Amino acid sequence: MRVLSIVHEAGPTGGGGIFERAVPERGHRLDRWVAADGDAPPGAPTDWEAVMVFGGAMHPDQDAEHPWLAGEAGFLETALAEGVPLLGVCLGAQLIARAAGAWVGPAGEAEVGWYEVSQDAGADPVLDALPGSFHAFQWHYYTFDLPPGAVQLASSAAARQAYRLGDQAWGIQFHAEVDRTMLDHWLRAGREELPKPLEEIRAETDRYLPTWNEQGRALCEAFLDEAARLSA
């Protein structure tokens, strides 16, 4: 199976983390598009059996500052129309919602750090890889409305956290892909944005990250399994 990873920063600290590593480890081919470089997509959405879209420091409605965002949203709109399985993380979830015609914009409350998230809906082939409630790493200032026809799958006290659109597309607001290298870099670079002392968040990271990585890997594998089923 061919899988496209859409990222918004080159290098290991801005990519798909454990999600990208899971793809070749399961015998699939991974391609990467650094959309923020402004390059055209490396193909049509239907060239891949699955597409994963990750986060970034930009926001999903900042086309004036980041002109390439419109092209990426158009690529995702085509992927939705063609039935290509999609998984969006943070900015990626917001961009899929935008491509599906939903509102995206500033959240009433930012979430930066570790927050408890609970599942809201019944059985789902992807989100069921996670427990009913879990501690998730977050770093977002924006949120989204549910796209028409979508089902909310999870939420926190502050924001919508996951949805499914049809039987092909999933969006998660939390960072299930993040690994230790990524988190260490984010915490150093974004220290001024942290809502509590860095040492406290590092202690929470030591406590939660090992389990979170196991859960994130399970979530990614569930998506890849579902994408393979849909593409068969």
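No value in this document is a laboratory result; all are computed from the given coordinates. Just so it is clear, the model here is predicted, and its values are computed rather than measured. Cβ placement follows ideal geometry from the backbone for every residue including glycine, while neighbour counts extend to all protein chains displayed.
Compute the Cα gyration tensor for the range 1-129, then decide on rounded, prolate or oblate, letting a ≥ b ≥ c be the square roots of its eigenvalues: rounded whenever a/c is under 1.5, prolate when a/b is larger than b/c in the other cases, and oblate in all that remain.
Rounded shape, in that the Cα axes give a/c under 1.5.
Figure the gain on full extension for Ala189 and Arg202 (residue separation times 0.36 nm, minus the Cα-Cα span) and round it to one decimal in nm.
3.3 nm
Over the C-alpha atoms of the range 1-68, what are the Rg and the largest Cα-to-Cα span, Dmax, in Å?
In Å, with Rg to one decimal and Dmax whole: 12.4, 39.
Once you order the gyration tensor axes a ≥ b ≥ c over the Cα atoms, which shape class does the range 36-86 get: rounded for a/c under 1.5, otherwise prolate or oblate by comparing a/b with b/c?
Since a/c reaches 1.5 and a/b is larger than b/c, the shape of the range 36-86 is classed as prolate.
All other residues with a Cβ under 11 Å from the Cβ of Asp145 taken together, and with Lys, Arg as +1 and Asp, Glu as -1, what is their net charge?
Summing Lys/Arg as +1 and Asp/Glu as -1 gives +2.
Given the convex hull of the Cα atoms of the chain, what is a quarter of its surface area in nm²?
11.4 nm²
For the range 72-128, what class follows from the C-alpha gyration tensor (a ≥ b ≥ c being the square roots of its eigenvalues): rounded when a/c is under 1.5, otherwise prolate if a/b is larger than b/c, else oblate?
Cα axes put the range 72-128 in the oblate bin.
Just subtract the alpha-carbon distance of Trp103 and Ala232 from 0.36 nm times their residue separation and send over the number in nm, one decimal.
So the extension gain works out to 43.2 nm.
Using alpha-carbon pairs under 8 Å, 6+ residues apart, how would you state the relative contact order of the chain in percent?
Answer for the chain is 21 percent.
What 222 nm value per residue comes from the helices of the chain, counting each DSSP H run with n ≥ 4 as -39,500 (n - 2.57) and dividing by all residues, nearest 500 deg cm²/dmol?
-11000 deg cm²/dmol
Taking the Cβ of each residue in His175, His185 as the centre, tally the other Cβ atoms inside 10 Å and list the residues starting with the fewest.
Least crowded to most crowded, the residues run His185, His175.
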